[in-house]
Structure formats: structure tokens, C-alpha cells
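Participant: The structure follows.
Read the figures in this text as sums done on the coordinates, not as results from a lab. Bear in mind the structure is a predicted one, so any value in this text is a computation, not a measurement. FYI the Cβ positions are ideal-geometry reconstructions off the backbone, even for glycines, and counts take in every protein chain you see.
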Amino acid sequence: MVDDWKSAPLQERERALCELAARLTHQQHAASAADLEALRRLGLDDRAIHEAVQVIAYFNYITRIADALGVELEPDAPRYGRG
């Protein structure tokens, strides 16, 4: 799933969360109320959506800090997106 979440066997809700994560990571300016409404239709309440956005934002934040400061991964750490 880490390498290609789009072809992973995900439930509709998990796929929608991955789509939101991708949008907030690569095209945050394109995020809209429609994205949130889609999550609500899939059963997420505002608290769950807020928590998901917080987690997505944190991972984006912390990876940018680590990249900017040249933080090296531990030798056995997964190399998501780092070839």
C-alpha cells in the first residue's frame, strides 16, 4: 500500500482518506468543502475529519523539517518516497 495505495484493496472510506492525504500533500490549494462532504457521506464526523487532517498535516510538516535539516533515516527505516 505504501508504494501504490491507488491499487491497494482499500475500503471506500480508507481510499477517500488516502485521496485527501494526497491532495493535502501535493495540491493543498485544491482542497475544498466537497472533499470534506465526501468524507461525511462515508461516515466520518467533523472530529474524525479534523483528526485526519491534523495527522496528514503533521506528517507533511515533520518530513519537511527533516528534509530541510538533512536528517538521515536509521539504516533499517522504511524509505517511503526516498528511493
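Participant: Any idea what angle helix 12-26 forms with the longest principal axis of the chain, computed on alpha-carbon atoms, 0 to 90 degrees, nearest 10?
Facilitator: The angle comes out at about 50 degrees.
Participant: I'm spelling it out carefully: the read-out is Kirkwood radius over Cα pairs in Å, the candidates are [x] 12.8; [y] 14.3; [z] 13.3, and one was derived from this structure. Which label?
Facilitator: [y]
Participant: Note down the relative contact order for the chain as a percent, whole number, built from C-alpha pairs under 8 angstrom at least six residues apart.
Facilitator: Relative contact order for the chain comes out at 28 percent.
Participant: Where does each of 15-24, 39-48 land if you order them by average Cβ count within 10 Å, highest first?
Facilitator: 15-24, 39-48
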